[in-house]
Amino acid sequence: MEFLVRIQVNWPPEGDDDLRRLLVEREAQRARELADQGAIVRLWRVPGRWANVGLWRAPDASRLHEAISSLPFFPWLDVQVEALADHPSDPGAPVPPERGPGPPAGRSPGA
């Protein structure tokens, strides 16, 4: 399944700078691991905010939650998830193989 994931980091203004730097390093490393595993497909920054929007893949919502909650910043994240479904007019969808001779799909020869 594919999911549109919006993440906002809510680091407290009084938060420890050394811890923040350490978590930034660990977050980058974990994101690379999740990308290598195929969980993070694409990732975009949201200008003007400490936030991102990503295309994620997981077998189901529970596995997606496991992946997101493995992020080092998870305790400070506001996460919004939307499950995505295929759209019949998606220009990026793979083209089905040609059917060969015969009536169009869903129609009988005499229709």
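The values are calculated or read from the model by the stated rules, or taken from the named source; none is laboratory data. Keep in mind that this is a model prediction, so the values were computed, not measured. Virtual Cβ from ideal backbone geometry, glycine too; neighbours counted across all protein chains shown.
How many residues does segment 47-80 contain that are among the polar types (S, T, N, Q), exposed (fewer than 14 other Cβ atoms within 10 Å of the Cβ) and closer than 20 Å to residue 36 by Cβ?
Selection size over segment 47-80: 2.
Only one of 42, 6, 20, 30 is surrounded by 13 or more Cβ atoms within 10 Å (Cβ to Cβ), among the charged types (D, E, K, R), part of a strand (DSSP E or B) and at pLDDT 95 or above. Can you tell me which?
6
Given (1) without any contact (Cβ under 8 Å) to a residue 24 or more places away in the chain; (2) surrounded by 10 or more Cβ atoms within 10 Å (Cβ to Cβ), identify the lone condition not met by residue 83.
Going through (1) without any contact (Cβ under 8 Å) to a residue 24 or more places away in the chain; (2) surrounded by 10 or more Cβ atoms within 10 Å (Cβ to Cβ) one by one, residue 83 breaks only (1).
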